[in-house]
Amino acid sequence: MVGQHLPYARTAEVLRDMLATPVSTGAICAMVAEASKRVEPFIETLREGLSRAKVVHFDETGARVRGKLWWVHGASSELLT
């Protein structure tokens, strides 16, 4: 869902089809919130690694959210993204 920018409702449909059981959008929202908490230590390690890299590439890509343009920012080095 997050990597492919799928809406919660579409993700619920996909999971329902794959698992043959309904999955609520609320459950998916809770899963994403829990995952974001668990990935925080990795994100901090990644930030530290990028801050020590000799060369870092930065990019921003536009994405539509509820009809408005938002920006997705990225940073990468030779080894990290």
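Table for the structure above
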item	result
Rg to Rh quotient for the chain, alpha carbon positions, Kirkwood Rh	1.07
Packing-based order for 40-52, 8-20, using average beta carbon neighbours within 10 Å, highest first	8-20, 40-52
Under-5 Å amide H pairs with Val23, H placed in peptide plane, nonlocal only	Arg16
Estimated dipole of the range 40-81 in Debye, rounded to 20 [Cβ of Lys and Arg +1, of Asp and Glu -1, Cα centre]	240 debye
Accessible area in square angstrom per residue, the range 16-81, 1.4 angstrom probe	88 Å²
Leu19-Ala53 pseudo-label distance in nm [points 7 Å out on the Cα-to-Cβ vector]	3.5 nm
Total formal charge among the other residues, if their Cβ is under 14 angstrom from that of Val72, Lys/Arg +1 and Asp/Glu -1	0
Using θ = phi - 60° and Karplus 6.51 cos²θ - 1.76 cosθ + 1.60, couplings along the range 63-72 (whole Hz; Gly, Pro as x)	9, 8, 10, 6, x, 10, 7, 10, 10, 9
The chain - charge dipole about Cα centre, Lys and Arg +1 at Cβ, Asp and Glu -1, debye rounded to 20	200 debye
Dipole axis of the chain (+1 Lys, Arg; -1 Asp, Glu on Cβ), positive-most option in Met18, Thr61, Ile43	Thr61
Rounded percent of accessible protein surface that carbon and sulfur make up, the chain, 1.4 Å probe	60 percent
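The values are calculated or read from the model by the stated rules, or taken from the named source; none is laboratory data. Every value quoted in this text rests on a predicted model; they were computed, and no experiment measured them. With ideal geometry, Cβ positions are generated from the backbone for all residues, glycine too; neighbour counts draw on all protein chains shown. Ligands, DNA and RNA are excluded from the accessible area calculation, which covers all protein heavy atoms including side chains. Shrake-Rupley method; radii C 1.70, N 1.55, O 1.52, S 1.80 Å.
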